[in-house]
1. Assigning unit charges at the beta carbon (Lys, Arg +1; Asp, Glu -1) and nothing else, what dipole magnitude in debye, to the nearest 20, does the stretch 121-248 show about its Cα centre?
2. Between Leu38 and Glu94, what's the calculated FRET efficiency when r is the beta-carbon distance and R0 is 22 Å? Round to 0.05.
3. Only Lys, Arg, Asp and Glu count, each charged at its Cβ (+1, +1, -1, -1), so figure out the dipole size of the stretch 1-142 about its Cα centre, rounded to 20 debye.
4. Could you give each residue of the stretch 42-48 its phi-based ³J(HN,Hα) in whole Hz, using Karplus coefficients 6.51, -1.76, 1.60 with θ = phi - 60°, and x for Gly or Pro?
5. Rounded to the nearest 500, what is the chain's calculated 222 nm mean residue ellipticity when only DSSP H runs of at least 4 contribute -39500 (n - 2.57) each, over all residues?
6. State to the nearest 20 debye the size of the charge dipole of the stretch 72-136 about its Cα centre, where the only charges are +1 on K and R beta carbons and -1 on D and E beta carbons.
7. Based on the Cβ-Cβ distance from Lys247 to Thr113, what FRET efficiency comes out when R0 is 51 Å, to the nearest 0.05?
8. Which of the pairs Lys55/Lys238; Lys51/Lys108; Lys14/Lys61; Lys97/Lys132; Lys138/Lys238; Lys16/Lys132 have their Cα atoms more than 19 Å apart in this structure?
Amino acid sequence: MWDSNADLLARVDKTKLPRHVAIIMDGNGRWANVRGLLRSAGHTAGVKTLKQILKTAVNLKLEALTVYAFSTENWKRPHTEVDFLMHLFSDYLEREKQEMHANNVRIKFLGRTEDFSPALQNLMRESVELMKNNTGVKFNVAADYGGQDEIVRAAQKISRRVQAGELSPENISAQIFADELDTAGQPPVDLLIRTGDEMRLSNFLLWQTAYAEFWFTETPWPEFTPEEFVDALIDFGKRSRRFGALKN
Ligand code: IPE
Ligand code: IPE
Ligand code: MG
């Protein structure tokens, strides 16, 4: 099992934890640049951060953690960077899958998969299969993911059901729509964290963040720590969530 920092975990009021935390892991390239390193060194450092944050989520028994690893827009980056990210992604899965499994993590991938190499697609399928019966943290990795793309794909699936006569247009509800998204069956995002000093969604979880609380930090992802993660969780516990109603 993963070791845990008892002092850190003790700071958290477990009754006020979000069910679903989503993270835009941003700032790797800039972190590397200011140190005179290649952007790739920032991505490598970012993977280490991810491991620490996943461990913390496991130790806190969070229900779901979703991380933005590669967006549908990230294909616009230079080929060398895209290639590096693909290798990093497959190395990470290969290296970490057994340990995640031993910690009862259930991995899932959000997004398209068909543009990844056949070897990476296989590895993704194998990882999902390995952990499919686990009951711990739902760990969603958004890769080749875009919120608009996900919504369009859901609309296509629903249209096909309508065309097949299984569903009538007036019966399409928010629930039916949500059930066709990549996050089907998971709770909506309660807390969205973005590192790296940008305040935008960059096409992440557009539907699922409808009522999310937002937490932004200037800290670049390679420097984000379990302590700062816990700070965000504690801050979340102080928010007044009204969902359009009045405070009671
Ligand atoms: C986030 O860091 C990681 C990915 C998008 C894959 P960036 O690579 O965007 O780093 P910055 O924003 O350029 O610093
Ligand atoms: C969002 O970061 C995507 C990921 C973290 C994977 P970007 O760095 O790609 O976002 P923009 O370009 O600054 O909006
Ligand atoms: Mg960025």
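1. 560
2. Computed FRET efficiency for Leu38 and Glu94 comes out at 0.45.
3. On the way: 21 positive and 16 negative charges, 89 e Å.
Computed about the Cα centre, the dipole is about 420 debye.
4. Once θ is set to phi - 60°, the couplings for the stretch 42-48 become x, 5, 4, 5, x, 5, 5 Hz.
5. Details: 8 runs with 105 residues, N = 248.
For the chain, the value works out to -13500 deg cm²/dmol.
6. Once rounded to the nearest 20, the dipole reads 260 debye.
7. It comes out at approximately 0.75.
8. Lys55/Lys238; Lys138/Lys238; Lys16/Lys132
The values are calculated or read from the model by the stated rules, or taken from the named source; none is laboratory data. All values reported here derive from a predicted model rather than from experimental measurement. A quick note on method: Cβ atoms are made from the backbone with ideal geometry, for glycine too, and the neighbour counts reach across all protein chains shown. Just the protein is used for accessible areas: all its heavy atoms, side chains included, with ligands, DNA and RNA removed. Shrake-Rupley method; radii C 1.70, N 1.55, O 1.52, S 1.80 Å.
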